[in-house]
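Note sheet for the following structure.
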Amino acid sequence: MKQKPGALDHPPTRRSVVAARVRVAAASAGVVAATAVSIAAIAAWGRNAALALLAVAVLWLSALWRRNSSLRQRYSGLQMLYGFTQLVGASLKAEAVTEEVLAEARKLLSADIAEIALLDEKTGACAYRLRSQEGPAGAGGDVPPRGLEDEPAWTTVVERRSPVLLRRGSKDPYLARVGVTDCILAPLVAENRVVGTIMVANRSGNLGTFDKDDLHIFATLANHASVAFENGRLVERLRREAEERRYEALHDPLTGLPNRMLFIQRVEEVTAGGEAAGVMLMDLDRFKEINDTLGHHNGDFLLREVAGRLLTALRRRDTVARLGGDEFAILLPSVLSADEVLEAAQRVVRVLQQPFRLEGLSVDVGASIGVAMYPDHGDDAATLLRRADVAMYEAKGGDRDVALYSPERDHNSPARLALAAELRSALANNQIGVHYQPKSRLSDGLVVGAEALVRWRHPERGLIGPDQFVPMAEQTGYITPLTLYILQESLEQCRTWSEAGYEVGVSVNLSLRSLLDTDLPRLVKTLLGSSGVPAQRLTLEITESSVMADPPRTIAVLERLAAIGVKLS
């Protein structure tokens, strides 16, 4: 912390004071001796001469007494000043420093009024004052009289950074302007600029008016007060910056909502309490399309609008968080049942069904919400979020807005995870088989094609249908090798039929993940070339929902496939 020149680092030593008192005592002995001589002179020389000598001695003794009294008062003031520096130095908050400074300044200088005036940072004019005084409450927080900056006393203090003493009886207009009889005014300096002034006024009791010794003490007090204020401002600024950094670390900068870290903390706090709670995971159905079509600035605006609507649909004690992108999470603590959480989820769906206005356009944005319950579906934040995610994809796949987690449909159950681990080796060990369902013409019953159907011949579980392992292959990222395997097997079978004289084509279903793979057309062209099967013999079957998941991307893939000559169905 900074320290100003003239500040007291240690209590005043008594060496100089004791030495001065020895000198006063010696002088007093001289006065006593002179008095004795005067008494002897009365007897020896007469009354008049003796009285004259006695008068000189009395005057001398009186002067010494006044000096000794002033010395005691000054030493007492130094002790009080040291106590003041220790007191305000222990305070870190600016408010506490202000209260201590005003109270101790009045006490130290025996003044009825102590006041701090703060300057406006832009104009430099006196904008606000805080006062402590005897009797009725003072003008704490009042706007000071106008035009103080035009007074010479104010200019001396603020511009020259020099303290000013205005004695009682002075005609200085500053006294009348602030309504006091006498005062000492000194600058408060922080960050190398004058931020205000400090004043003591109206010397109390029968002590007369302020003098130069008071001015020196008060100047030192003002220096210490400046240090205390500057330290307090520094500590408060550091505390404020730390709070801002903590807030930024726990909140989404775009929406101001809690982020993933804070959301997990709050879920853990709720689960630690043991009360039933619900966790929702939600994403927007058409956000990517809106973001790509109308631009990221409209996407950001939409996310902020969604955040505001979510807050209006839920209770004040619920937590709404943005986890990233268009994904939001909601925590509902202290719920009675899953029905209560599902009802809240439907409220969220309804508020999001209202159109949003983006650059004059009315835009509909849907949402898919998955719900997991504590403690039924998990006892920690990670498990609850994962199972809410499973339920959310269940809602998407079932054309529903909201779905509650169901263990039977969890593709990440231990059994499913074990099956996923076996899928890779299943391809290598020829456990994946392709069966063909013929397509015949109704007019004459002639077979004109076949549809490839994939099955997993598991050595322990028997024949496993595609509905059990194809979604799992999509989730684990193994859908591309599986698709290429099916295409290769189907094209080789098509060539075998052709060699046997059957000119029939083959149809293969494409998953959403495959349709989003921009490398798919190149891979299909390579397989066609290696098999020798004409491109028109291959038909790729797709669903409308797959195309609409990401129209620009899927249409580009379909156009490249059509350019190869592949049929699309």
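The values are calculated or read from the model by the stated rules, or taken from the named source; none is laboratory data. Since the structure is predicted, the reported quantities are computational estimates derived from the model, not experimental observations. For neighbour counting, all protein chains shown are included, and Cβ atoms are generated from backbone atoms with ideal geometry for every residue, glycine included. Only protein heavy atoms, including side chains, enter the accessible area calculation; ligands, DNA and RNA are left aside. Shrake-Rupley method; radii C 1.70, N 1.55, O 1.52, S 1.80 Å.
For a quick check: with amide H placed at 1.01 Å from N, whose amide H comes under 5 Å from residue 365's, ignoring anything fewer than 5 positions away on the same chain?
Hits under the 5 Å cutoff: 356.
Between the range 199-233 and the range 277-331, how many Å separate their Cα centres?
58
Just by accessible area at a 1.4 angstrom probe, what is the order of 156, 496 from largest to smallest?
Output order, biggest surface exposure first: 496, 156.
Using the heavy atoms of the protein chains alone and a 1.4 angstrom probe, what is the accessible area of the range 142-284 per residue in square angstrom?
Ligands and nucleic acids excluded, the result is 48 Å² per residue.
Amide H of residue 162 versus every other amide H placed in the peptide plane: which residues, excluding those fewer than 5 positions away on the same chain, fall under 5 Å?
The list, which skips near neighbours in sequence, is 157.
What is the spin-label model distance, in nm, from residue 118 to residue 312 if the labels are put 7 Å beyond Cα along the C-beta direction?
In this crude spin-label approximation the distance works out to 3.7 nm.
Order 567, 107, most accessible first, counting only protein heavy atoms with a 1.4 angstrom probe.
In descending accessible area the options line up as 107, 567.
Residues with beta-carbon under 15 Å from that of residue 565, excluding residue 565: net charge, scoring Lys, Arg +1 and Asp, Glu -1?
Once positives and negatives cancel, what remains is +4.
Using the basic label-point model (7 angstrom from Cα toward the beta carbon), what is the residue 543 to residue 340 distance in nanometres?
Those two pseudo-labels are separated by 3.6 nm.
Whenever you get a sec, line up 442, 188 from highest to lowest accessible area (probe 1.4 Å, protein heavy atoms).
Largest to smallest exposure gives the sequence 442, 188.
Mind scanning 107/171; 171/212; 396/525 and naming the pairs with a C-alpha gap bigger than 29 Å?
Going by Cα-Cα distance, 396/525 fall outside the 29 Å limit.
If R₀ is 35 angstrom, what is the calculated FRET efficiency for the pair residue 457 and residue 327, using the beta carbon separation as r and rounding to 0.05?
Efficiency computed from Cβ-Cβ geometry: 0.35.
Rounded if a/c is under 1.5, else prolate if a/b is larger than b/c, else oblate: which is the range 257-377, with a ≥ b ≥ c the root eigenvalues of its Cα gyration tensor?
prolate
For residue 351 and residue 376, compute 0.36 nm times the residue count separating them, minus their Cα-Cα distance, and round to one decimal in nm.
This chain segment gains 6.2 nm when fully extended.
Within the range 273-299, find all residues whose amide N lies under 20 Å from a label point positioned 7 Å from the Cα of residue 254 along Cα-to-beta-carbon.
Counting only backbone N, you get 280-299.
With a cut-off of 8 Å between alpha carbons and a minimum separation of six or more residues, what is the relative contact order of the range 180-220 in percent?
Over the range 180-220, the number comes to 39 percent.
Obtain the nm distance between the two label points defined at residue 553 and residue 300 by a simple spin-label model: each point lies 7 Å from its Cα along the Cα-to-C-beta direction.
Computed distance between label sites residue 553 and residue 300 equals 2.3 nm.
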